[in-house]
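What follows is a single structure, written as structure tokens, with notes after it.
The values are calculated or read from the model by the stated rules, or taken from the named source; none is laboratory data. This structure is a prediction, so every number in the text was calculated from the model and none was measured. Heads up, the Cβs are rebuilt from the backbone with ideal geometry, glycines too, and the neighbour counts pull from every protein chain shown.
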Amino acid sequence: MFAMDWPSVALAAFLGVGLAASTGLNTWLPLLLLSAAARLHLGGIHLSGSFAWLESNVALAVLLVATLIEVIADKVPAVDHFLHGIATFVRPLAAALAVAAAFTKLDPVPAAIIGLMIGTPAALGMHSIKAATRAGSSMTTLGCANPILSIIEDAISFALSTISILMPLLVPIAIALVIVMGLWFVRKVQVSEIEN
């Protein structure tokens, strides 16, 4: 008979969803933090089996370089729009990987399926809020505020990833706050447009 350790499943789900939502804002930073946490044994993170490669020196180096490129390029007007077009397709995959890696006690195939089922919508949902916020910023400031928004998005992605790793039970509250703040900003921009 198959018995599940429900507390572990819940923690893995919260960790995965938090990291997946974070990838909706910054593709590589959540995976870099997951990799570093596993490598340093923070938050009880241990990647096993098919996902142990994320702890390797090569994975850490590649994720660090990818994160730096994304963080810097997202501050450059026009480059940020090109980056977001590519990210629309890459972020769901990164999110699925993050979720699948969080379910270390499962076989890789069910973990990957759960990753696709949970990670993809979480990343796309957060990315949609980001895209709407950026569109509003581009309309009202002609894109001048986009680098500032990018810094805020990076900070939120870092904070949400850190909460996911160190305090996964707080992930639903953190995600709800991010969604409310994003929707508030989008609504504020819409009202501002109507008044002008």
Is it the case that residue 82 is of a type outside the set (Lys, Arg) and either crowded, with 20+ Cβ neighbours inside 10 Å or in contact (Cβ under 8 Å) with a residue 12 or more places away in the chain (or both)? no
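Yes/no per residue for (1) touching a Lys or Arg at 6+ places or on another chain (Cβ under 6 Å); (2) within 24 Å of residue 79 (Cα to Cα); (3) among the small types (Gly, Ala, Ser):
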| position | (1), (2), (3) |
| --- | --- |
| 100 | no, no, yes |
| 106 | no, no, no |
| 117 | no, no, no |
| 123 | yes, yes, yes |
| 128 | no, yes, yes |
| 132 | no, yes, yes |
| 137 | no, yes, yes |
| 141 | no, yes, no |
Tell me the residue from 60, 54, 42, 64 that is within 22 Å of residue 117 (Cα to Cα) and either at pLDDT 90 or above or of a type in the set (Gly, Ala, Ser) (or both), please. 54
Between a residue in the range 100-118 that is of a type in the set (Lys, Arg) and any residue that is assigned to a helix (DSSP H, G or I), which pairs come within a Cβ distance under 9 Å, given they are 6 or more apart or on different chains? 105/8; 105/9; 105/12; 105/111
Looking at this structure, is residue 38 in a helix (DSSP H, G or I), among the hydrophobic types (A, V, I, L, M, F, W, C) and touching a Leu at 6+ places or on another chain (Cβ under 6 Å)? yes
Residue 26: passes all of (1) polar (S, T, N, Q); (2) outside any helix (DSSP H, G or I); (3) over 17 Å from the mean Cα position of the chain (by Cα) but (3)
Do we find that residue 140 is part of a helix (DSSP H, G or I), out of contact with any His (no Cβ under 9 Å at 6 or more places or on another chain), at pLDDT below 85 and surrounded by 18 or more Cβ atoms within 10 Å (Cβ to Cβ) in this structure? no
Name every residue in the range 44-73 that is among the hydrophobic types (A, V, I, L, M, F, W, C), assigned to a helix (DSSP H, G or I) and buried (at least 16 other Cβ atoms within 10 Å of the Cβ), in order of residue number. 51, 54, 59, 60, 63, 66, 71
